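Accompanying notes for the structure given below.
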Amino acid sequence: MTTKEKLLELLEGNKGVYFSGEEIAQRLCVSRAAVWKAVNALREKGYSIDAVTNKGYCLSESTDILSPQGIRKYLKPGYQEMALTVLPEAASTNTLLREKANQGAPEGCTVIANCQTAGRGRQGRQFYSPGETGIYMSVLLRPVHYAPQQAAMLTAAAAVAMCEAIEAVSGETAQIKWVNDIFVRGKKVCGILTEASFGLESGALEYAVLGAGVNVYPPRAGFPKELESIAGAIFNCDRSDGKNRLAGEFLNRFLDCYSAPERTEYIAAYRSRSMAVGKNVTVSSGNRTRNAYAYGVDDQCRLLVRYENGETESLSYGEISIKV
């Protein structure tokens, strides 16, 4: 790590605590001049670092800037060594991580961006990804002997993990709109997109890239007109470490579930958080649209619907709109 990275790790782990320049220099095994240079470099990145005579340097407790150091302090010991990269901007974290996967990146490699210029949603849509107010994250998974239907369950597990993480940091209730959207206070705050690569001969999963885009705060300029009635944010105003903690809480919960595939508690949690069950819905698949009643979620997290003609179907793909 560079001096700047080591200093950020120290300050992130001790927000609100003052360290003298001499103490920092001794801890990092560098000169006082190197400490001063690192402090200024962090300030240029937007970090609010107070400097008080006879007290030293202190990272403001109100700071909420995504960083590997800020996220790692919330990760469980078993996950703290995972390859974690935070970028100021990316076209698409899913696309970037797929490139890394094809180059042999290890499982657990995670890329997070403060902004996406070409964020991707389902069915080729663009995911609105403004700077500084959201988390745009992709995690590389290399499960062994996963069939296509098992890969689809990764999205369900991630949806539950994100709901739990949101509730842990905000106290708000989070729900799932089948299949991959998270809602808080009636507005979409998160979308999840899982993309997979399968072997042509074996049909087995080679790797999966799990992407999650989260609106932590409202965009500075507001949501675009076409999203105003749909999109929302978890917090209405800045919170100390809101983004770093949310990222860490999500990774802990999702990786716990993923590393113990025999665990199925998340299926019941996915079912109980469904916004669709018990509602009339419109099912869209291809160019076809049909009215239906959603009466349940099965053990593969497929949405069970009954159409107006009495036919039933277990939906594993497609989209729904919920009739209020």
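When you scan the range 181-190, do you find a residue that is at positive phi, of a type in the set (Lys, Arg) and modelled with pLDDT of 95 or more, even just one? Yes, the range 181-190 contains at least one residue that is at positive phi, of a type in the set (Lys, Arg) and modelled with pLDDT of 95 or more. Among the residues of the range 251-303, those that are part of a loop (DSSP other than H, G, I, E, B) and more than 30 Å from residue 108 (Cα to Cα) comprise 275, 276, 277, 278, 279, 286, 287. Within the range 64-78, track down each residue that is surrounded by fewer than 19 Cβ atoms within 10 Å (Cβ to Cβ) and part of a helix (DSSP H, G or I). Within the range 64-78, 77, 78 meet the criteria.
Looking at 169, 189, 179, 160, just one residue is crowded, with 16+ Cβ neighbours inside 10 Å and in a strand (DSSP E or B), and that residue is 189.
This table checks each residue for (1) at pLDDT below 90; (2) touching a strand residue (DSSP E or B) at 6+ places or on another chain (Cβ under 7 Å).
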| position | (1), (2) |
| --- | --- |
| 287 | yes, no |
| 293 | no, yes |
| 310 | no, no |
| 315 | no, yes |
| 324 | yes, no |
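From the list 128, 136, 47, 74, exactly one residue is over 17 Å from residue 213 (Cβ atoms), touching a helix residue (DSSP H, G or I) at 6+ places or on another chain (Cβ under 8 Å) and in the same structural domain as residue 228 (by TED's automatic domain parsing). Which is it? Among 128, 136, 47, 74, only 74 is over 17 Å from residue 213 (Cβ atoms), touching a helix residue (DSSP H, G or I) at 6+ places or on another chain (Cβ under 8 Å) and in the same structural domain as residue 228 (by TED's automatic domain parsing).
Residue by residue, here is whether (1) in the same structural domain as residue 251 (by TED's automatic domain parsing); (2) surrounded by fewer than 16 Cβ atoms within 10 Å (Cβ to Cβ); (3) within 19 Å of the chain's Cα centre (by Cα) holds:
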| residue | (1), (2), (3) |
| --- | --- |
| 195 | yes, no, yes |
| 199 | yes, yes, no |
| 205 | yes, no, no |
| 217 | yes, no, yes |
| 229 | yes, yes, no |
| 232 | yes, no, yes |
| 235 | yes, no, yes |
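Considering 241, 256, the condition of being under 19 Å from residue 151 (Cβ atoms) and surrounded by 14 or more Cβ atoms within 10 Å (Cβ to Cβ) is satisfied by 256 alone. Just give me the residues in the range 84-123 being in a strand (DSSP E or B), in contact (Cβ under 8 Å) with a residue 40 or more places away in the chain and in contact with an Asp or Glu (Cβ under 9 Å, 6 or more places away or on another chain), in sequence order. Result: 116, 120.
Checking each residue in the range 297-317 for being without any contact (Cβ under 8 Å) to a residue 60 or more places away in the chain and at positive phi picks out only 310.
Residue check: is residue 233 part of a helix (DSSP H, G or I), of a type in the set (Gly, Ala, Ser) and in contact with a strand residue (DSSP E or B) (Cβ under 9 Å, 6 or more places away or on another chain)? Against the criterion (part of a helix (DSSP H, G or I), of a type in the set (Gly, Ala, Ser) and in contact with a strand residue (DSSP E or B) (Cβ under 9 Å, 6 or more places away or on another chain)), residue 233 does not qualify.
The values are calculated or read from the model by the stated rules, or taken from the named source; none is laboratory data. Computed from a prediction, not measured in an experiment: that's the story for all the values here. All Cβ positions, even for glycine, are placed from backbone atoms using ideal geometry, and neighbour counts span all protein chains on display.
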